[in-house]
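Novice: The structure under discussion is supplied below as structure tokens; questions concerning it will follow.
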Amino acid sequence: MEPNAVDFFGECMNSPRNGRTPFANEIYEQMVAEKERELEEGEAQKSPSKIVADSLSQISRSSTFLPNIGVPTTSKTGRSTSLAAQARMQAQFEEKLQAKREEAARKQEELQAQLQAQQAALEENQSLLRQTQEVVKGMHTKFEETNALLGAILKLQKD
């Protein structure tokens, strides 16, 4: 198994002649205890790099141990840049969302206007249909009357 940041710390702070200083040994033991402790329900496991970073940040704000062993650390400017990027993305998303809402409202208004125009045309067509039906009914009545008159005339001519 590859050594992790906690193991590297333990090795780096261990002198072949004198071993670890009491202070370095105390810090290392805290790191090992944190790495091996049982997690509470819902708690995420900390990475060894995070354990080392947290432990060393209690001693010094400018520890260079992790960068010196090749482990990248997140800087405050990196976090603020990421927060700025998130804020920018959120603003862009909200702008797009607002534009979509405005477009949807405009289309809704257009469709409403079309619907009203079609309803007016339908009412006009229904009115024309009623008028035409009345004219046809009148013509049918006149046809029946004319037919009756013709029938009477033909009957008179036969007699």
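Novice: Just for the range 25-62: of the residues that are small (G, A, S) and closer than 18 Å to D7 by Cα, which one is modelled with the lowest pLDDT?
Specialist: Our first condition is that a residue be small (G, A, S); within the range 25-62, this holds for 33, 42, 44, 47, 49, 53, 55, 57, 60, 62.
Narrowing the set further to residues that are closer than 18 Å to D7 by Cα leaves 33, 47, 49, 53, 55, 57.
Details: A33: 87, S47: 84, S49: 81, A53: 81, S55: 81, S57: 78.
Only one residue fits best here, namely S57.
Novice: From the set of residues in the range 15-28 that are farther than 17 Å from F65 by Cα and not in a loop (DSSP other than H, G, I, E, B), which is farthest from the chain's Cα centre (by Cα)? Don't jump to the end; show me each part of the working.
Specialist: At the first step, the residues of the range 15-28 found to be farther than 17 Å from F65 by Cα are 16-19, 22.
Restricting the remaining residues to those that are not in a loop (DSSP other than H, G, I, E, B) gives 19, 22.
Working: G19: 56, P22: 53 Å.
Per the stated criteria, the residue is G19.
Novice: Can you name every residue in the range 40-71 that is part of a helix (DSSP H, G or I) and charged (D, E, K, R)? Give the derivation first.
Specialist: At the first step, the residues of the range 40-71 found to be part of a helix (DSSP H, G or I) are 48-59, 65-68.
Those that are part of a helix (DSSP H, G or I) and charged (D, E, K, R): K50, D54.
Novice: Pull up the range 29-46, narrow it to residues that are free of Cβ contacts under 8 Å to residues at least 24 places away in the same chain and surrounded by 14 or more Cβ atoms within 10 Å (Cβ to Cβ), then point me to the one that is nearest to the chain's Cα centre (by Cα).
Specialist: Restricting to residues being free of Cβ contacts under 8 Å to residues at least 24 places away in the same chain and surrounded by 14 or more Cβ atoms within 10 Å (Cβ to Cβ), the top hit is K46.
Novice: A further question on this structure: In the range 144-159, what residues are loosely packed, with under 10 Cβ neighbours inside 10 Å, part of a helix (DSSP H, G or I) and among the charged types (D, E, K, R)?
Specialist: K155, K158
Novice: Could you grab me the full set of residues in the range 66-124 that are under 30 Å from F9 (Cβ atoms) and either modelled with pLDDT of 95 or more or over 27 Å from the mean Cα position of the chain (by Cα) (or both)?
Specialist: Of everything in the range 66-124, those that are under 30 Å from F9 (Cβ atoms) and either modelled with pLDDT of 95 or more or over 27 Å from the mean Cα position of the chain (by Cα) (or both) turn out to be L66, P67, N68, I69, G70, V71, P72, T73, T74, S75, K76, T77.
Novice: Under 7 Å by Cβ, and 6 or more places apart or on different chains, what pairs join a residue from the range 115-143 that is surrounded by 10 or more Cβ atoms within 10 Å (Cβ to Cβ) with one that is not in a helix (DSSP H, G or I)?
Specialist: From residues that are surrounded by 10 or more Cβ atoms within 10 Å (Cβ to Cβ), there are no pairs.
The values are calculated or read from the model by the stated rules, or taken from the named source; none is laboratory data. From a predicted model like this one, the values you see are computed outputs, not experimental measurements. Cβ atoms come from the backbone with ideal geometry, glycine included; neighbour counts cover every protein chain shown.
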